1. Tell me which residues, restricted to the range 171-184, are farther than 17 Å from residue 53 by Cα and in contact (Cβ under 8 Å) with a residue 60 or more places away in the chain.
2. State whether the residues of the range 110-132 include one that is open to solvent by less than 10 Å² (accessible area, probe 1.4 Å) and free of Cβ contacts under 8 Å to residues at least 40 places away in the same chain.
3. If I ask for residues that are surrounded by fewer than 21 Cβ atoms within 10 Å (Cβ to Cβ) and over 18 Å from residue 249 (Cβ atoms), which ones from the range 10-47 would you list?
4. Which numbered condition trips up residue 148, out of (1) loosely packed, with under 13 Cβ neighbours inside 10 Å; (2) farther than 18 Å from residue 58 by Cβ?
5. How many residues are outside any helix (DSSP H, G or I), open to solvent by 10 Å² or more (accessible area, probe 1.4 Å) and out of contact with any Pro (no Cβ under 7 Å at 6 or more places or on another chain) if we restrict to the range 243-265?
6. For residue 53, work out the one condition from (1) at pLDDT 95 or above; (2) of a type in the set (D, E, K, R); (3) over 19 Å from the mean Cα position of the chain (by Cα) it doesn't fulfil.
Amino acid sequence: MPFTERSGTRIWYETRGSGDPLVMVYGIGGHSGDWWDAFPALLEPHYRLVLLDNRGTGRSEKPSAPWTMSDMTADVIAVADDLGLERFHLLGCSLGSIIVRHVVREYGPARIRSLSLLCPPNGIPATEEDLRTALFWDPAKPLIESARASWPIIHPPEWTTRNEHELVDRFNRTMANPTPARTFQFQLQAAQAAPDPNPAVDAADFPVLILHGTLDRLVPPANAELLARQIPRARLAWLEGDSHNFWAHDPERTAAVLLDFLASA
């Protein structure tokens, strides 16, 4: 699998499928493997997926010094340049949706064919308890206990109960190459220090999708409603009964909405 160092940091990526390129950027602390299996498999017959591991995660380099939003956007563009992509669809989930909005702010809209924002944070926080449980695990407890506590926040509770074996298996695989705790801190700090990217997205003319679960506790649905008002041309779509990581617990509906949007774009 290839790496690029065009941004000054070794960034891992892979491509799957064929067709127009769709660059996919994951959220806080996560990497390309956290899209799970079914969702990318549903997209591959239609698009050439470009899946990258953000700096500090997965197989990419894990710097020990803090980085900026510009560093993270440069990583995305470095991968696109490495592949020779002149124009591409761009998708980000959660914190990844912030990164891709800043790609537009920093590099302009010329190369972007469409922008898909999945569960996008937009200034309206989760409750302190939910945020702490999902992201800031207690180091005094076994990590699996913290993981179990976080699952009902990012997945529907009843789905979590039915799929506990799969969640435990994926947790164990993640622990073979865990994301350092500092990565979460650096990503959050970079996002909080960056200016508002929404005016740049609003000023562009490419199609925009905002896709959100109605039961999202980590990024409350009000974020999507506010973002849709700030980017009036955006298509706002809801996944009724879904939570934060809907590409994992509801890949079929997620892919159906996304493919319909991309076809229209």
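1. Within the range 171-184, none qualify.
2. no
3. The answer is 10, 14, 15, 16, 17, 18, 19, 20, 44, 45, 46.
4. That leaves (1) as the condition not met.
5. Number satisfying all stated conditions: 2.
6. Unmet condition: (3).
The values are calculated or read from the model by the stated rules, or taken from the named source; none is laboratory data. Source: prediction; values computed, not measured. When we count neighbours, we look across all protein chains shown, and the Cβ atoms used for this are built from the backbone with ideal geometry, even at glycine. Heavy atoms of the whole protein, side chains included, go into the accessibility calculation; ligands, DNA and RNA do not. Shrake-Rupley method; radii C 1.70, N 1.55, O 1.52, S 1.80 Å.
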